[in-house]
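Notes to accompany the following structure.
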Amino acid sequence: MSTDDTPEARSVDEASSILPGFLARSFLAKFLVALLLISVVIVGVSANTYNQTSNQLTEETRTEYIGVANQSAAQIADWRESRSDTTRRLSQFEVVRSGTQQERQAFLQSEKEQLPEDVHNVHLVNLSNANITASTDESEVGQNLNTREAPWQTQTELVYNSDGVFISSAEEALTRSLVSFVTPVETTDGENRYLVVQADMDALAGSLPAPSEDVYSQVVDSQGRIVAGTQETQALDRNDGSLSVYTENPDQLGVLQSGLNGQTEFVQGSDINGTTAPSHGSFAVAFAPVAGEDWVVATHVPLSTAYALRSTITTNLLVLSGAAFFGIAVIGIVFGRGATSALNRLTEKAERLEAGNLDIDLEVTRRDEFGQLTASFANMRDALRDRIQEAESARKEAEVSRQEALAMTDYLQEKAEDYSEVMQRCANGDLTQRMEIDNENDAMDRIAEEFNDMLGELEKTTGQLKTFSEEVAESSEIVLTNTENVRQSGERVTDSIEAINADATDQEARLEELAADLDGVIDRLHSLKGNPHVDINEELAQFQSVADVLEQATGRSQSIRTEAESAAETSKQQADELDEVSERADRLKRYAKPLGGILDRFETAAEHEFVFSGGPSQPVDNDD
């Protein structure tokens, strides 16, 4: 290799970089900056994850517990509608309208077992004196309806719904929150009676949905009272004979007013101003309105329960971030400087290897990636030494191969010229030529062998075609000659048959004439038969016999003439067929001659000529 082909030495200073100089020249600096960027990314991702997760979980919690409050409100509305239907249904029984006091009492007693558990009592009340005339609680019969249980009886006029049922507000009685369903009864005795169904709101509240044990719901009316709740009666503070108060100033409690206006809310307990319930600050509350009533369902869930998953995720993110920072610091301290030192040592050895020192010590002392890199340099050095040796050997082998290739090229060119000359002579018509097989090259020998086999088959086929075309021409000529002779013989046979037919016709005419004359003689002889002087019976019999013979001869003559005409017709048809055969033989002869002319241009060995086993047919002699 000349000095002009030697590549110029490379330097890291020529490498382009977008980093500042101190970073571009130091792996350790880049490593530390990369760790710092990773730390910033982890902090950013953690903060973003916390923010998105917190918002999503807060929204899911809001949706979940508003859904719980809505389910509770829907359940209360359904309960209200169901008890209204029960009240109207009971008032329409005939025994209630027209039965005696005993019948009515027995009817209500029997219905008690079938009523829902939240129905406290059913009374039939005389409106004029508030006296209970029949009741599911037999001890109440004859007593006046307690105004504490039914303050609505002091109202001058009750407002009924579309079902004809008045629904009172909830009132505390006997530590229960009772709601009265009232409907008038049309009695047959003309007395004003009402059917009153008292339902326990606390029993209803016990069936309201609660996702967990520490979640409870309360039903708050427009006056700020807790008319029902999933907490026990003592927790609702009803020992003083009145309902517990959720807020002293319901008009100032915005979430309550929003619920009464048909809106749903979800707020932190600490944001609910004006409530008297204790420990609201540790709860989140969902508000939902009850359709058809001035009630609002307030579902309370502890903050620790509502945001338990968010707190867990926050803790996990903090632990993950701390572990990541600690791991990054360990990586920077432990691996950063060690990697830099190992790279510096390896760089120094690589520079010496670049200078041509193939005896440099590249002992592998580590089992990590740096050890693998050192082993790779050592393998590269050994491989480079082997490649130099192999390159020298390959150069010598390439020179020998080049000489052999030149000799083979000359041989192939010479054989190609020989084969081309043979093919040219074959193309000129000499099919006896063959390619020479010298056993110098297997491929060229196979070409010559296959070409010779192909040419042998072609020579054989051409020789057979030449002989066949000559035989076809000769046979066609003989067929034409034989056809002509047969046709002439047929014409003579036809002429003879026609002459025979004419003679038979003339003979038949003469026989008929002789037969007519003989018939006349016989008739005259018959006229003389009655003459006693003349005996002609024998002669008459002889004449009659001759007449019969003539008649038979005439019949045979007609038969011969008919057969002659048929033979003439057949001979004519055969002559037409021979004309057609003659025409086809003539066409075959015209086609065979040009084919023979073309095949005569090819030279073939006599041993490949084709010989018919019987030879062509011989001409038919035309004997007159």
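The values are calculated or read from the model by the stated rules, or taken from the named source; none is laboratory data. These figures come from a predicted structure and were not determined experimentally. Neighbour counts run over all protein chains shown; Cβ positions are idealised from the backbone, glycine included.
If you filter the stretch 437-472 down to residues that are among the basic types (Lys, Arg) and touching a residue at least 40 places away in the same chain (Cβ under 8 Å), you find that the one that is surrounded by the most Cβ atoms within 10 Å (Cβ to Cβ) is 466.
Give the number of residues within the stretch 485-511 that are charged (D, E, K, R) and either surrounded by 16 or more Cβ atoms within 10 Å (Cβ to Cβ) or in contact with a strand residue (DSSP E or B) (Cβ under 8 Å, 6 or more places away or on another chain) (or both). Before the answer, list the steps.
The first filter runs over the stretch 485-511 and keeps only residues charged (D, E, K, R), leaving 487, 491-492, 495, 498, 503, 506, 508, 510.
Now narrow it down to the ones that are either surrounded by 16 or more Cβ atoms within 10 Å (Cβ to Cβ) or in contact with a strand residue (DSSP E or B) (Cβ under 8 Å, 6 or more places away or on another chain) (or both): 487, 508.
Total meeting the criteria: 2.
Among strands (runs of 3 or more DSSP E) entirely within the stretch 158-220, having at least 1 residues that are aliphatic (A, V, I, L, M) and in contact (Cβ under 8 Å) with a residue 60 or more places away in the chain singles out 176-186, 192-200. Determine whether residue 136 is closer than 30 Å to residue 245 by Cα, crowded, with 20+ Cβ neighbours inside 10 Å, modelled with pLDDT of 90 or more and of a type in the set (Ser, Thr, Tyr). Considered against the rule, which asks whether it is closer than 30 Å to residue 245 by Cα, crowded, with 20+ Cβ neighbours inside 10 Å, modelled with pLDDT of 90 or more and of a type in the set (Ser, Thr, Tyr), residue 136 comes out as no. Applying the set (1) modelled with pLDDT of 75 or more; (2) farther than 30 Å from residue 81 by Cβ; (3) surrounded by 17 or more Cβ atoms within 10 Å (Cβ to Cβ); (4) under 53 Å from the mean Cα position of the chain (by Cα) to residue 307 leaves exactly one unmet item: (1). Against the criterion of being at negative phi, in contact with an Asp or Glu (Cβ under 9 Å, 6 or more places away or on another chain) and not aliphatic (A, V, I, L, M), residue 117 qualifies. Residues in the stretch 268-288 that are surrounded by fewer than 23 Cβ atoms within 10 Å (Cβ to Cβ) and either hydroxyl-bearing (Ser, Thr, Tyr) or modelled with pLDDT of 80 or more (or both): 270, 275, 276, 279, 282. In the stretch 448-469, what residues are among the charged types (D, E, K, R) and modelled with pLDDT of 80 or more? Answer for the stretch 448-469, where residues must be among the charged types (D, E, K, R) and modelled with pLDDT of 80 or more: 449, 450, 453.
The rows are residues; the columns are (1) closer than 13 Å to residue 198 by Cβ; (2) assigned by TED's automatic domain parsing to the domain that holds residue 197; (3) surrounded by fewer than 20 Cβ atoms within 10 Å (Cβ to Cβ); (4) modelled with pLDDT of 90 or more.
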| residue | (1), (2), (3), (4) |
| --- | --- |
| 95 | no, yes, yes, yes |
| 105 | no, yes, yes, yes |
| 108 | yes, yes, no, yes |
| 115 | yes, yes, yes, yes |
| 127 | no, yes, yes, no |
| 140 | yes, yes, yes, no |
| 159 | no, yes, yes, no |
| 163 | no, yes, yes, no |
| 182 | yes, yes, no, yes |
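Condition test on residue 479, is it in the same structural domain as residue 559 (by TED's automatic domain parsing), buried (at least 18 other Cβ atoms within 10 Å of the Cβ) and not aromatic (Phe, Trp, Tyr)? Considered against the rule, which asks whether it is in the same structural domain as residue 559 (by TED's automatic domain parsing), buried (at least 18 other Cβ atoms within 10 Å of the Cβ) and not aromatic (Phe, Trp, Tyr), residue 479 comes out as yes.
Condition first: in a helix (DSSP H, G or I), more than 30 Å from residue 415 (Cα to Cα), modelled with pLDDT under 75 and basic (Lys, Arg). Can you find one or more residues in the stretch 480-487 that meet it? Yes. Note on the stretch 208-227: residues that are within 18 Å of residue 65 (Cβ to Cβ), modelled with pLDDT of 80 or more and small (Gly, Ala, Ser) amount to 1. Which condition number in (1) surrounded by 15 or more Cβ atoms within 10 Å (Cβ to Cβ); (2) touching a strand residue (DSSP E or B) at 6+ places or on another chain (Cβ under 7 Å); (3) not hydrophobic (A, V, I, L, M, F, W, C) is the one that residue 148 fails? The single condition residue 148 does not satisfy is (1).
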